[in-house]
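Okay, structure first, notes after.
The values are calculated or read from the model by the stated rules, or taken from the named source; none is laboratory data. Please read these numbers as outputs of a predicted model, since none were measured by experiment. Don't worry about glycine lacking a Cβ; one is built from the backbone with ideal geometry, like all the others, and counts go over all protein chains shown. To get the accessible areas, we keep the full protein, side chains included, count just its heavy atoms, and leave off ligands, DNA and RNA. Shrake-Rupley method; radii C 1.70, N 1.55, O 1.52, S 1.80 Å.
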Amino acid sequence: GSREKELTADHRGYQQPDLDVPAQPVFLAKENGELLQVYYLADRLRSDANRTVGILRQKLDNVLMVTGDSSSAADSFAAALGIDSVYKGVMPEEKLRLLREQQSRGNRVLAVGDGINDTLLLGAADLSFAVAGATDLSKYASDVVLVGESLDRIPLLLSIGRRIKTIIRQNLCWA
């Protein structure tokens, strides 16, 4: 069983340092509750995320962030990326419901994900990308698996796909 101990009184009032991103504290303490160390875990935006989302916002009608994360990191990331619509703490079934709702309105949905919780969404989207390091299930459910760390391939692949579609239509008209 789990043995949770309360930190000693002189460490309960710790102050989180001023960090550039929202972080969750993880305490390392002795069994008697004496605090040894505090670590802060935080997600970081990929270096090319801002540029990629900016391009997608120009090419697509709407960009939403739908995440299972319920922390303030989701709001921070959305603000940094210029995304107005954020759905936090969303379970896989709810992600799928949101996707189906968009599709029922006639919208085609592009999804990007990496975790097991994204598998339903990736499998049901009109076009889906699993990012490098994604779980095997996410890769299997996706239409495209990005092999590098860069997200900037997504807008490039959309442009190539549109160009191919145009060429196919032209060839059908000439046939």
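Structure above, values below:
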{"item": "q = 0.14, 0.17, 0.24 Å⁻¹, segment 40-92: log10 I(q)/I(0) [Debye, one scatterer per Cα]", "result": "-0.37, -0.54, -0.98"}
{"item": "Sum of side-chain charges, Arg169 neighbourhood, beta-carbon under 14 Å (Lys, Arg +1; Asp, Glu -1)", "result": "+3"}
{"item": "Accessible area expressed per residue, the chain, with surrounding protein chains retained (probe 1.4 Å, Å²)", "result": "67"}
{"item": "Net lengthening on full extension, Arg46/Thr166 (0.36 nm per residue, minus Cα-Cα)", "result": "40.0 nm"}
{"item": "Diffusion constant of the chain at 20 °C, which comes from Stokes-Einstein with the Kirkwood Cα-pair radius and 1.002 mPa s, µm²/s", "result": "113"}
{"item": "Extended-chain gain in nm, criterion 0.36 nm per residue less alpha-carbon gap, Tyr87 and Val38", "result": "14.7 nm"}
{"item": "Computed label-point distance, nm, for sites Lys30 and Glu101 using a 7 Å Cα→Cβ extension", "result": "5.2"}
{"item": "Bridge type composition, the chain - antiparallel percent by DSSP, nearest 5", "result": "40"}
{"item": "All lysines inside 19 Å of Lys30 as judged from Cα atoms, apart from same-chain residues fewer than 8 positions distant", "result": "Lys5"}
{"item": "Neighbour net charge for Ser138 - beta-carbon separation under 11 angstrom, K R +1, D E -1", "result": "-2"}
{"item": "Spin-label pair Asp75/Ser159, simplified geometry with 7 Å Cα→Cβ offset, distance in nm", "result": "3.6"}
{"item": "Built amide H within the under 5 Å cut-off of Asp48, gap 5+", "result": "Leu151"}
{"item": "Under the span-like rule (Cα at least 20 Å along the axis, Kyte-Doolittle mean at least -0.5), DSSP H helices of the chain", "result": "153-174"}
{"item": "Helix-only mean residue ellipticity at 222 nm for the chain, each DSSP H run of n ≥ 4 adding -39500 (n - 2.57), per residue, nearest 500", "result": "-12000 deg cm²/dmol"}
{"item": "Local electrostatic count at Arg108 - Lys and Arg +1, Asp and Glu -1, tallied over other residues with Cβ under 10 Å", "result": "-2"}
{"item": "For Leu64, distant residues with modelled amide H under 5 Å away", "result": "none"}
{"item": "The chain, accessible surface, carbon-and-sulfur percent (1.4 angstrom probe)", "result": "51"}
